[in-house]
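Data first, discussion second: the structure below is written as structure tokens.
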Number of protein chains: 4
Amino acid sequence: MPVYQYDGKSFVCIDDFHQYALQTLAKTSLDYYESGAEDELTLKANLESFKNILINPRLLVDISHIDTSSSILGNKVSMPIGFAPTALHRLAHDEGEKATAKAAFDAGIAMCLSSYSTTSIEDVALSTNHQGILFFQLYFNINREITTNLLKRAHASGYKAIALTIDAQVSGFRRKDHKNKFTLPSYMSFANFENQELLQNLSATNSSSSVMHNLLNSADHSITWEDLAWIKEISQLPLIVKGILNAEDAELALKFGADAVWITNHGGRQIDGCRTAIEVLPEVCEALKGSEIEIYVDGGVRKGSDVYKALALGADHVFIGRPVLYGLASGGQQGVSAVINILHDELQRNMQLSGKVSIKNITRTSVMFRK
Amino acid sequence: MPVYQYDGKSFVCIDDFHQYALQTLAKTSLDYYESGAEDELTLKANLESFKNILINPRLLVDISHIDTSSSILGNKVSMPIGFAPTALHRLAHDEGEKATAKAAFDAGIAMCLSSYSTTSIEDVALSTNHQGILFFQLYFNINREITTNLLKRAHASGYKAIALTIDAQVSGFRRKDHKNKFTLPSYMSFANFENQELLQNLSATNSSSSVMHNLLNSADHSITWEDLAWIKEISQLPLIVKGILNAEDAELALKFGADAVWITNHGGRQIDGCRTAIEVLPEVCEALKGSEIEIYVDGGVRKGSDVYKALALGADHVFIGRPVLYGLASGGQQGVSAVINILHDELQRNMQLSGKVSIKNITRTSVMFRK
Amino acid sequence: MPVYQYDGKSFVCIDDFHQYALQTLAKTSLDYYESGAEDELTLKANLESFKNILINPRLLVDISHIDTSSSILGNKVSMPIGFAPTALHRLAHDEGEKATAKAAFDAGIAMCLSSYSTTSIEDVALSTNHQGILFFQLYFNINREITTNLLKRAHASGYKAIALTIDAQVSGFRRKDHKNKFTLPSYMSFANFENQELLQNLSATNSSSSVMHNLLNSADHSITWEDLAWIKEISQLPLIVKGILNAEDAELALKFGADAVWITNHGGRQIDGCRTAIEVLPEVCEALKGSEIEIYVDGGVRKGSDVYKALALGADHVFIGRPVLYGLASGGQQGVSAVINILHDELQRNMQLSGKVSIKNITRTSVMFRK
Amino acid sequence: MPVYQYDGKSFVCIDDFHQYALQTLAKTSLDYYESGAEDELTLKANLESFKNILINPRLLVDISHIDTSSSILGNKVSMPIGFAPTALHRLAHDEGEKATAKAAFDAGIAMCLSSYSTTSIEDVALSTNHQGILFFQLYFNINREITTNLLKRAHASGYKAIALTIDAQVSGFRRKDHKNKFTLPSYMSFANFENQELLQNLSATNSSSSVMHNLLNSADHSITWEDLAWIKEISQLPLIVKGILNAEDAELALKFGADAVWITNHGGRQIDGCRTAIEVLPEVCEALKGSEIEIYVDGGVRKGSDVYKALALGADHVFIGRPVLYGLASGGQQGVSAVINILHDELQRNMQLSGKVSIKNITRTSVMFRK
């Protein structure tokens, strides 16, 4: 039964976890998680973009056996839903990324760890006994030694891929964070940058505030498509290019050797007023047709039916961001597991209700757009 | 005069009955009746889908004599509005399905009884002295003996047709019911399954809760279009396929011998985010053009003009679900009769106001879409 | 200065008069005036339909002299705005239709008197010393003697035209009136039917309530286009066909000798869910192109710019209904005059702001539709 | 850091300044600044018109060096954002136009002074030591001596261009101003008309109220395109035609010698229900393609991304009106500077986030319309 009980409440959908997080997390943490850039138009558009897509059921099909399994970059997963990289999980729950990673591992799904995690690359890997399907998200630091260090540590800890973020060379302007003068609480840290002389040198003091400032301002503004090869060479891992928003850049990713493109507007946190992943998806699929490259999306996914719609429009994998944080805020690992269970139940139920017995059965004709 | 007085209130439109039900029924009953699946997008779309369709009157026509009569599967009715199958009428009023059936019979319209009625097939038939135009709605049980038993009883009690539900092999996820842990009150039962050893065997205890759980989980997930013939053979009755949502499945229904297709999204209770019956209707009419098969719709019908619009777009019959329950909650049989009277008055008035003297006069040019 | 002072308040736009009426009139009167049919979708659409039409100014034009004058059926008017027939003016102000007619006369504009006025045909004519540009609106009574009587009296009193209402053979269903059991207060009457034995014979008693009931139910449901000739013959006046909602009926009006077509949905009071006059206007203009017949519209006109838009889309004259009643409720004749002044000022200002010096300058290219 | 502190508050976006102005300015001043004509539909449309335009980023571009500089009529500016003429700055802050002009000068951007300023042409020029990039906005007075005087003074004080307003031969009707009987407070004046015998002769008294009335009613209604040449001859300055709302008038401006067209609906203060500058921009660009004439827009610009979108659609320069007044109300010159800084930061950030290193990089493919 996809009903989760916690703190005297029943949770039956992602919105229940959202409401719980809104009521229990500290305001500055919530603002950090919840904010989109500027007027938050893109943030809202992400949620809206699924509503105009309709599932088109084909019925009286034998649905005795439903299989939601899939794969991502050669790794078998229980369903094509993974965890997008989100920063600072310990703001939501003390166990932070360890809880998240264990929940993903238990469910047999992929998790992409943020560069800005509050648990280190190594500790996250260890939390799943190096058995998790972990990817590492990279902000390309202007100091190549730092970047090299991160890539090599990810490889050494058994991560399965690198996801290079290309849409955040500067931070989107999230107004509340600036008004809050948001910074990391003193009892947590940017775990991947602890004890790194290289980074500390950038900072006059060693406070988390100044480390954060330095990190956010240490992106290499000069990198271009030509640099993808270097990342693959250093990491020896498949490379996902995360931040694609049109066919042209998707084609460049393919040309320069990416193994996957990740269509995203960064949860509405970067450009305010751009397309949603779902809006971009069809043109990217068309552009990459016939290639082996994989296509991922995120942004606004809150229901199993949202996943279904993205798959139908051509996505190979669908990632969730804030729902993971909402789950984490609702009981730690068990909350995250509950989020996964609910999404799985919703995806499976929608497959049953529309006559699809496997992920491959979900195709372009499985959905239509409301006129 | 289409004004109904009850409990010190005046009822002049279906919404008045709705408001009364909202104020007087128990919360768990209301939640069961009112809920749609998940975010209830489809539930809302059903109501919205009529608003963009406009009646196009042709005036200075002699409207001295208006005839709203029609027929369904060879049965003469006073108007092309029938009762869709809805479960558990005794939640709304102690007389339950008997009151509903008698009101339908008095008005000379058709009623389709739900498998999950709180009054048995036989008792409902008896309430109209076997004179009612009754159909029986079937959930195809995985135990063919149970299914056979239901079909034979319907035939024996003089039901005129079987409506096979194809869109509910699993239940849509209605969140409130899960939070409420909704189950049948102990003083009522799934009347069609009482004293059936077959079904009780599925259940560890004999409580209505466990019977309900078993019923909802005993659909045969393996049935396909090929099984229509078996139903017709066992029941010896015309077969309506209920749950059609596109031209392709409508064509299959025709091919496999259905006598009618019923376009519905199950009152927004199954897939959340699919088309409305009204949106689907034109393509189904186009696909079935030239055949003898009848076309029914339901979903969001709250006014005589909604019926008019559905007829104009090609429906042969229009069914109402929740309005019947609202009427039942507003005085039992007399409330249901008042609902019928108001819809009849509205339909007739819109015919007068648009220069149509018979149901057949209402054609595709009688409506247009707002751009 | 288009600012009207009354009862300690400043009125600068029609909405100010509306607000005043809402605050001061009796609820049953307000409900009668304000209501639309059923869900009032058409009522709202009338107001909305102007918002998507945009004025396209052409500037640096010499606007030293602005002329808003026009004509209607050969009668010169100060602007192409007239008073649509609305019933029961004495509900708004004790002077009723006399005040309305005098305000129209003072402004040099046309007024169409309702059959259901609370001042008689003769008294209204007298109030303007038989100098007003008055039309008479006709509900075609099943008793031809009554109809003949009305037409002959209108002719005898110097009315300039007959406007035959074709969209109200039965009343639209306005819910509040039915809940209110609305009827005429005892101290006023249907003045055109006073002392008429013919009508009284229809009624068991002589109360205004029963007269009203009889009137509303005495429309001749059998009249057709063929009857237009009879009306013209009896009245010896130009004939306006009021209630046109598509090109087909406009063409029939032309064919059967109408001098003007009046596109209207009866203020949203008849069919709920039909097109607005503004939506219908272009196709009627296209259908009647090249003929001498005049084209009028009403519905939702609340600003001079609404008039401008209707003229640009092809209307020859624009009528206002409720705004007249709002003015009447705000000081009687002087309130109605203020409504006229404001609309004239707004029309003139919009002509100045868009470079049009005469009504004829306002053409199809003067407006565009927002995409 | 684009965070401005004032009066105990943090300002991070233009809306923060707007909110502060709403809370601190006198009601009549606010109403004068904030009002649009009539129902304020155009006022709202201006803000809405940017929301449907989306930025289309191209990523992994070297963004190490961002250049926001541009030029206007041969004058180099730090960014293509200027101050639109708005009247009566001293209503917002005692320093009035001096503060505004100094902030523009400090930022290296252009400012267009209103004819109806509360600081004179000469004093504004002096406030920037005659180094500012100042334009003068002209209402063409019916008394040519007054007009000549203004043009010669602008030239003598080093203004760089004349912007002839063509859309305000009469005032749009702003309802609140009429209800407020808005007039200038006695301790400020229409500084460009002080001590002018010519204008005082028009007025029975010398009160600011009567001067204002006279000014607003002294536009020359007879001027046409032919008069542009005279303005250029008298002023010996480049001429901007301000108030263009379609391709036809843009082409006439070009034909009659304008150096720039300014697409605007006057902040929604003139015609209520016309297109927005952003809606008109593409057709004007198409019409003027290949000419040297410059194209400006204003209306609803509240974010750097709005500027970006206007540039992408073909504008050479983007002007802001109310945001300047909101800044002025929030601390005078420093508030205006903060508004500039925030818009510059937003523009630059959106260029970085979308891979554009110079204004010229922002082209038609940099944006798309949401379907």
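Here are a few things to note about the model shown:
- Region B:152-164 - residue that is under 13 Å from B:Ala260 (Cα atoms) and more than 10 Å from chain A (Cβ to nearest Cβ) and, of those, surrounded by the fewest Cβ atoms within 10 Å (Cβ to Cβ): B:Lys160
- Among residues that are surrounded by fewer than 23 Cβ atoms within 10 Å (Cβ to Cβ) and touching a residue at least 12 places away in the same chain (Cβ under 8 Å), B:Phe105 is included.
- Residues of region B:237-270 that turn out to be aromatic (Phe, Trp, Tyr) and more than 17 Å from the chain's Cα centre (by Cα), as a count: 1
- For region A:1-47, filtering for residues that are touching a Ser or Thr at 6+ places or on another chain (Cβ under 8 Å) and acidic (Asp, Glu) leaves 3.
- Lone qualifier among A:Ser49, A:Ser69, A:Ser115 - being within 14 Å of chain B (Cβ to nearest Cβ), hydroxyl-bearing (Ser, Thr, Tyr) and touching a helix residue (DSSP H, G or I) at 6+ places or on another chain (Cβ under 8 Å): A:Ser49
- Those residues of region B:127-140 which are more than 20 Å from the chain's Cα centre (by Cα) and crowded, with 17+ Cβ neighbours inside 10 Å, in sequence order: none
- Taking first residues from region D:176-194 that are within 14 Å of chain C (Cβ to nearest Cβ) and partners that are surrounded by fewer than 17 Cβ atoms within 10 Å (Cβ to Cβ) and among the small types (Gly, Ala, Ser), the Cβ contacts under 6 Å between residues at least 6 apart in sequence or on separate chains come to D:Lys179/C:Ser10; D:Thr183/D:Ser209.
- Boolean, C:Ile240 is touching a residue at least 12 places away in the same chain (Cβ under 8 Å), within 14 Å of chain B (Cβ to nearest Cβ) and not basic (Lys, Arg): yes
- Any hit, region B:328-336, residues being modelled with pLDDT of 95 or more, outside any helix (DSSP H, G or I), within 21 Å of the chain's Cα centre (by Cα) and closer than 23 Å to B:Trp262 by Cα: no
- The residues of region B:67-78 that are surrounded by 18 or more Cβ atoms within 10 Å (Cβ to Cβ) and within 30 Å of C:Ala277 (Cα to Cα) amount to a single one, B:Thr68.
- Hits in region B:105-123 - residues which are under 19 Å from B:Ala156 (Cα atoms) and outside any loop (DSSP other than H, G, I, E, B): B:Phe105, B:Ala110, B:Met111, B:Cys112, B:Leu113, B:Ile121, B:Glu122, B:Asp123
- Contact annotation: residue pairs with Cβ atoms under 6 Å, 6 or more positions apart or on different chains, pairing a residue in region C:72-97 that is in contact (Cβ under 8 Å) with a residue 24 or more places away in the chain with a partner that is of a type in the set (Asp, Glu), are C:Ala84/C:Asp298; C:His89/C:Glu97.
- Members of region C:1-26 that are in contact with a strand residue (DSSP E or B) (Cβ under 8 Å, 6 or more places away or on another chain), at pLDDT 95 or above and within 11 Å of chain D (Cβ to nearest Cβ): C:Tyr4, C:Gln5, C:Ser10, C:Phe11, C:Val12, C:Asp16
- Test for C:Thr28: is it surrounded by fewer than 22 Cβ atoms within 10 Å (Cβ to Cβ), in contact with a helix residue (DSSP H, G or I) (Cβ under 8 Å, 6 or more places away or on another chain) and over 24 Å from D:Arg269 (Cβ atoms): yes
- Test: residue in region A:336-354 that is over 30 Å from B:Asn246 (Cα atoms) and within 14 Å of chain B (Cβ to nearest Cβ): yes
The values are calculated or read from the model by the stated rules, or taken from the named source; none is laboratory data. Since we're looking at a predicted model, the values are computed, not measured. Cβ sites come from the backbone with ideal geometry, for glycine too, and all protein chains shown count toward neighbours.
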